[in-house]
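Reviewing the structure listed below.
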Amino acid sequence: MKEQFRHIGRETPRILGSDIVSGKAMYVADNKVPGMKYGKILRSPYPFARVVSVDKSQALAMDGVACVVTWQDIAGEGISINNGFTPPRHPNILDEYVRYLGDAVALVVADTEDLAMEAMEKIKVEYEVLEPVYTIDEAMKPGAPQLYKEFPGNIVPYKNNLSFEVGDIEKGFAEADLVVDVDSELTSGQNPLPLEPPTTIAWWDNGVVTFIASAAAPAYCHQNVASSMNLPYENVRLLVGAVGGSFGSKLYSGNVHCLVFTALMARFAHCPVLYAYSKEEHFAAHQTRMVTKGHVKLGMKKDGTVTAIEMTQVADAGATASTQEFMLAVGTNSLPILCKTNNKRFDAQVVVTNHVPSGSFRGYGYLESSNLLTKAIFEACQKLGLDPMAYLEKNVLALDEEFHNACSPAHPWQRNQSSDWQNLVRETAKACHWSERWVGWGKPTWVSPDGKKRRGLGVSAAGHADTGGKTSNATVTITGLGAVYVSSCMAEFGSGIRDIMQKIVAEELDMPIESVKMSAVDTGSNPADFGSTGSRSTYCGGICALRAAQDVKRQLFEICEKRHGIPASDLGMKNGKVYQLSNPEKVFPLFPALIGKVDSITGVGHHNGVENSTITHLQVIEVEVDTELGTIQLVNHYGGSDAGVIVNPLPLRNQVQSFYAGTDLALMEETIWDEHDYRVLNPSNIDYKTRSFNEVVKHDHLVLETNRGKDTPYPFGANGVGEPLLAPGGPAIRMAVYNAVGVWLDEFPFTPARVLAALKAKEEEK
């Protein structure tokens, strides 16, 4: 691999950057389709009920109301959500039963949004109210109310990924100097909060439904809409422009719901329909981070060697089973990342409750798992007096080390080829002066003169060991008119993937970056791709772009060999032209020497879904705890990541800032539900606490380029960075609080009330 690049690593403006900041970017709601009307959804006021009757006559009598659609209008059509992860499908689109507060009862289409809202108030619904179950424990009690006959005991009958055992567990525990057992729950229900809520425009033409969609995984949504609505694949088309954030909410189940609802509205209204979640709907009825509870038993020797680990988890799917199985499976990849042992046992279950559905969320599964796992790890380190940084260096995956990946049953044993995690730990420790700042377990780094404020230091790591799953495709086309187009269903919603693909193609063809254009995302014509999810964008999208560009070069060299008699092996590209390696003065411009005006060359790049990449991230956090007020403030934050090779520094810096989503899950973000009916009590950005710009703390971030100058299977050595940033923040803060004031906090977020309660309990124990 070459060490010097023309474009890779050089900072260039984002493709959509100027349009976004100037207001020119076209989001879904900015589009005006001729004849377009507006959709709204009447939602259930009960968490569990049977819809006895719906009287929509008064609403339909209003001028400007196009249609009102209920479950009876689509009965027998078998329209249900299929997102590729769900077990035997169950009805969850306009079903006779509503299973959470905010579940859909009727779809309304009218000339204006206000009129649609007014029409909803005219619909009269009779309900038979049923007894709900709100929590994991309630759902699993013998004799608990059943949400679905297909799910006896409210347990989702997943068949894959949820249990495995390797090594000799009992022998491992017998060899341990210390065995710890810990329980943990993640109950905060973090909301993804993209600035653009789920929004879709849909219309029908000759049996084909076309969407203008805000989708992070367009081809995957295309596939699942077709399956959910029992349509041929070719009868669905998604057009995707600017996407106003996702954080997991615009990937699978949540987005497919929005698409199917809008398609039904357009079908019955016989016109294009725009449907956009209101902010209140997004809080109350759209997916949250999944609630989980779990148990870890961990054996450790005095030197920090992990001898065995046993982990169980139960996830609350809410009212709709979807991606929870795969999220739990992905979470198991925290095991080899943080515990270097082959004695492992994992088991998990998913239950349904009358709770707003959970779903994909940034930090997909391994945030939940690493939160549980690190609780055991660091309590063991504390009891054994081990330096937590030394523990991490000893236990993270080494470069080229083999690990067990539960997400890949066909290929469970894989090799870490992408990140030198041990070196990352060492270098981050140096950068933040860990050896100078670490003073020991239960010891503050600073105490105020009056003793009321105390600071502590914490560290944690997290990683993602399955960024290559599912297939990807891309094409690169050079036309005889001099245009170069990259086509992919990788959507851009902040990760910078389209900038990265553009850069990679320009680098491989050695041409000005301005010469390479990204084609608009259109699932009707672009090659299919699993999507920008799971930290796979740079690796999977990048490798497909690279392979497509290489295919273009191969074809150009073959043409040149045939026309000019120069062996393809003696040809290269420079400045967008083919030249002879043994005689650099001999140059062949692409146009018209190799490509005629009416000709074009298309290269194809494919990723098979088996090849894999692994990424990790380290965070060191210092907090200040006010023992009188119970407040926790971030004081200093250090991060470390291994990008492999930096493609574009600008989106990388943007990605690094996402660590706040992890720290603030621990400190402030919480969906608060009423204990009686699980109504969301804080459904707005005013009441749902997030960090403001004036609360930003000092942050230093080390980014290594382990693969620079190396021959690797990754696009120019580049690897993903963004997603693991969310997971270590909470555990690092938990450790820092312990070191500041001597209490282990358990329930996120660490509110002042919970801090004060823990301090009070500590005093009462004395």
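The values are calculated or read from the model by the stated rules, or taken from the named source; none is laboratory data. These numbers come from a predicted model, not from an experiment. Note: ideal-geometry Cβ built from the backbone for every residue, glycine included; neighbour counts use all protein chains shown.
Here are a few things to note about the model shown:
- Of the candidates 382, 324, the single residue that is polar (S, T, N, Q) and surrounded by fewer than 24 Cβ atoms within 10 Å (Cβ to Cβ) is 382.
- Subset of the stretch 130-156 [exposed (fewer than 12 other Cβ atoms within 10 Å of the Cβ) and out of contact with any helix residue (DSSP H, G or I) (no Cβ under 9 Å at 6 or more places or on another chain)]: 131, 143, 149, 152
- None of 202, 216 is crowded, with 22+ Cβ neighbours inside 10 Å, at pLDDT 85 or above and of a type in the set (Gly, Ala, Ser) except 202.
- Answer residue from the stretch 263-275, given it is closer than 17 Å to residue 230 by Cβ and under 31 Å from the mean Cα position of the chain (by Cα) and is surrounded by the fewest Cβ atoms within 10 Å (Cβ to Cβ) among those: 263
- Residue check for residue 11: closer than 22 Å to residue 646 by Cα and modelled with pLDDT under 85: no
- Checking 463, 458 one by one, the residue that is more than 22 Å from the chain's Cα centre (by Cα), under 26 Å from residue 293 (Cβ atoms) and crowded, with 20+ Cβ neighbours inside 10 Å is 458 and no other.
- Residues being under 28 Å from the mean Cα position of the chain (by Cα) and buried (at least 16 other Cβ atoms within 10 Å of the Cβ) - total across the stretch 167-186: 4
- Across the stretch 14-33, the number of residues qualifying as in a loop (DSSP other than H, G, I, E, B) and more than 19 Å from residue 718 (Cβ to Cβ) comes to 9.
- Qualifying residue in the stretch 281-291 (condition: assigned to a strand (DSSP E or B), touching a Gly at 6+ places or on another chain (Cβ under 6 Å) and among the small types (Gly, Ala, Ser)): no
- Test: residue in the stretch 513-529 that is closer than 24 Å to residue 724 by Cα, at pLDDT below 95 and either among the acidic types (Asp, Glu) or crowded, with 24+ Cβ neighbours inside 10 Å (or both): yes
- Here the condition is being more than 24 Å from residue 283 (Cα to Cα), modelled with pLDDT of 95 or more and among the aliphatic types (A, V, I, L, M); of 179, 166, it holds for 179 alone.
- Which numbered condition residue 700 misses (of (1) over 20 Å from the mean Cα position of the chain (by Cα); (2) among the acidic types (Asp, Glu); (3) assigned to a loop (DSSP other than H, G, I, E, B)): (3)
- Yes/no for residue 437 being surrounded by fewer than 24 Cβ atoms within 10 Å (Cβ to Cβ), farther than 22 Å from residue 720 by Cβ, basic (Lys, Arg) and touching a helix residue (DSSP H, G or I) at 6+ places or on another chain (Cβ under 7 Å): no
- Test set (1) farther than 30 Å from residue 247 by Cα; (2) at pLDDT 95 or above; (3) of a type outside the set (D, E, K, R) - residue 548 fails condition number: (1)
- Any hit, the stretch 352-367, residues being in contact with a Phe, Trp or Tyr (Cβ under 9 Å, 6 or more places away or on another chain) and assigned to a helix (DSSP H, G or I): yes
- Count of the stretch 536-575 residues which are of a type in the set (Lys, Arg), in contact (Cβ under 8 Å) with a residue 40 or more places away in the chain and in a helix (DSSP H, G or I): 3
- Output for the stretch 232-259, where each listed residue is modelled with pLDDT of 80 or more, within 15 Å of residue 212 (Cβ to Cβ) and either in contact with a Cys (Cβ under 6 Å, 6 or more places away or on another chain) or outside any loop (DSSP other than H, G, I, E, B) (or both): 236, 237, 238, 239, 240, 258, 259
- Residues being surrounded by fewer than 16 Cβ atoms within 10 Å (Cβ to Cβ), farther than 23 Å from residue 717 by Cα and at pLDDT 75 or above - total across the stretch 395-430: 1
- Long-range neighbours under 7 Å by Cβ, at least six apart or interchain, first residue touching a residue at least 40 places away in the same chain (Cβ under 8 Å) within the stretch 746-766, second loosely packed, with under 14 Cβ neighbours inside 10 Å: 752/629
- Checking each residue in the stretch 328-348 for being under 21 Å from the mean Cα position of the chain (by Cα) and not in a helix (DSSP H, G or I) picks out 332, 333, 348.
- Against the numbered list (1) more than 21 Å from residue 191 (Cα to Cα); (2) in the same structural domain as residue 367 (by TED's automatic domain parsing), residue 263 comes up short only at (2).
- From 135, 112, residue being modelled with pLDDT of 95 or more, polar (S, T, N, Q) and not assigned by TED's automatic domain parsing to the domain that holds residue 667: 112
- If you go through the stretch 338-352 and keep only what is of a type in the set (S, T, N, Q) and touching a Lys or Arg at 6+ places or on another chain (Cβ under 9 Å), you end up with just 343.
- Evaluating residue 226 against the criteria (1) crowded, with 22+ Cβ neighbours inside 10 Å; (2) among the small types (Gly, Ala, Ser); (3) part of a helix (DSSP H, G or I) leaves one unmet condition, (1).
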